[in-house]
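Reviewing the structure listed below.
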Amino acid sequence: MRVACVRNWPTGRPFSTCSPTHTIGTKGISIVSDTDSDLSLFRPDLTAADVCAVTRAIESGRVAAGSEVAAFESRTGQRLGRRTIATCSGSVALWIALRHILSGDRREVITSPIVCEGVVDVIRFAGGTPVFADVVPQTLALSGESLADCLTERTGAVVYVHYDGLVGESAPVRNLCESAGIPLIEDCASVLGGTTRDGPVGRDGEFGVFSLHATKSITSGEGGLLAWTPRSPSKISPIDGYPKVGMSDVTAAMANAQFDRLDDILDARRDVATGYAERLGDVPAAELLTGAPGSRGTWTSALIRFDSAHGRVLAERALIGDGVPVRGVDAILGASLPPGADQAWNTVLRVPLHTRMTEQDIDRVTKLLSEAVGR
Ligand SMILES: Cc1ncc(COP(=O)(O)O)c(C=O)c1O
């Protein structure tokens, strides 16, 4: 199947990335948006602690991979209960995982079509052929039922993507993969710090992959993590024999400073999400997606599902018209999307969520939404 990879950018104001100015105030450093609105779609939570950590790393004179990288790997490994390797990006972590798994004729990699095009690029670059199964509407992650229909003797791996801060229900997919003997990679790019009913997310697959990109739960600018569980104490590292794929101590210093505040950042994001959920309680036509039952997501964005495609269009117009940035879900547009993914593409909208948002900001977004689609 020939697949056109298209990113669903908003028709209005883009995600603000251009030359933000840094100001140091009493609460530390903050990123001042280059838009006239305080309502960026995403915004990393950066403070003076991050600046100090990076400065210290530079002043130490040891800026290549060293003690900061080792500390970050050990701390994340402890939190996940697995071994971790810090990589230069989440894409590289995913590439390494796929390269380890794919071989011979089994080169089809089943994933969901609600995913950024970068993931599909990595699958191809690792020698795989992407195959798209459907998603569960409540989590926007791979559906076990749909996966079962896609498994063939050519299936080499499954990449289960937890979508944009929502923690999905990966256990049914893990069980299916185990019984079919298909290696599972859990793509947790946006959910470092998230939990399932059973504990930290990222433990279900042969490999767990995380990103520290600026739009993720914590950031080192660019960066990633590969998590795995050695089958025996002597197992060599998955990156042995690879070209350089790791992180520098300067990057890891920032990653460590952010990791210090991971739970605080997640709590602050969760407060904004709670604000949205409470206000949307009065709006039957719109619902905040919260992920799998019993999970705790990382709220890298607020994904709102409308009861119709028309409702989503009305809301999108109202928000963009008032200067509020929005964005649809990412989707890989082939000949046609399967039904759950198609519904997500047509009815789900991302609205601003970051730690600097105020009650007034949340009021403004939800008021615009409810006026557009009716109470
Ligand atoms: C689901 C998913 N997987 C992998 C990646 C790749 O991560 P990185 O940007 O760190 O290369 C991303 C990036 O946005 C992603 O959203």
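Where a ≥ b ≥ c are the square roots of the eigenvalues of the C-alpha gyration tensor, would you call region 138-189 rounded, which needs a/c under 1.5, or, failing that, prolate if a/b is larger than b/c, or oblate? Present the calculation step by step, with values, prior to reporting the outcome.
On the way: a/c = 2.07, a/b = 1.74, b/c = 1.19.
It is prolate, given that a/c is not under 1.5 and a/b is the larger ratio.
Between the DSSP loop rule and a limit of at most 15 other Cβ atoms within 10 Å, which trypsin sites (Lys or Arg not before Pro) in region 260-298 are left? Let's see the in-between values first.
Values: sites: R261, R269, R270, R279, R296; in loops: R261.
Answer in residue order: no site qualifies.
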Full-stretch length increase - T358, D121 - with 0.36 nm per residue and alpha-carbon distance subtracted: 81.6 nm
When the chain is reduced to its Cα atoms, the Kirkwood hydrodynamic radius in Å: 21.1 Å
Amide proton proximity set for V131, modelled H, under 5 Å, gap of 5+: V109, I110, T111
Inter-part distance where region 143-175 and region 334-370 are each reduced to a Cα centre, Å: 24 Å
Rounded if a/c under 1.5, otherwise prolate or oblate - region 195-253, Cα gyration tensor axes: oblate
Per-residue Cβ neighbour rank within 10 angstrom, fewest leading, R43, R62: R62, R43
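Could you put C177, C52 in order, starting from the residue whose Cβ has the fewest other Cβ atoms within 10 Å?
Numbers: C177 25, C52 14.
Lowest to highest Cβ neighbour count: C52, C177.
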Amide H within-cut-off set for S143, under 5 Å, with H built and near neighbours excluded: D134, V135, V136
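List the equivalent ellipsoid semi-axes of region 262-373 in whole Å, largest first, each obtained as the square root of 5λ for an eigenvalue λ of the Cα gyration tensor. If you can, show how the numbers build up before the last one.
Values: eigenvalues 99, 66, 32 Å².
Semi-axes (√(5λ), whole Å): 22, 18, 13.
Counting each DSSP H run of 4 or more residues in the chain as -39500 (n - 2.57), what helix-only mean residue ellipticity at 222 nm follows after dividing by all residues, to the nearest 500 deg cm²/dmol?
Details: 11 runs with 133 residues, N = 375.
About -11000 deg cm²/dmol.
None of the figures in this text is laboratory data; all of them are computed from the coordinates on show. For clarity, every value in this text was computed on a predicted model and none was experimentally measured. Heads up, the Cβs are rebuilt from the backbone with ideal geometry, glycines too, and the neighbour counts pull from every protein chain shown.
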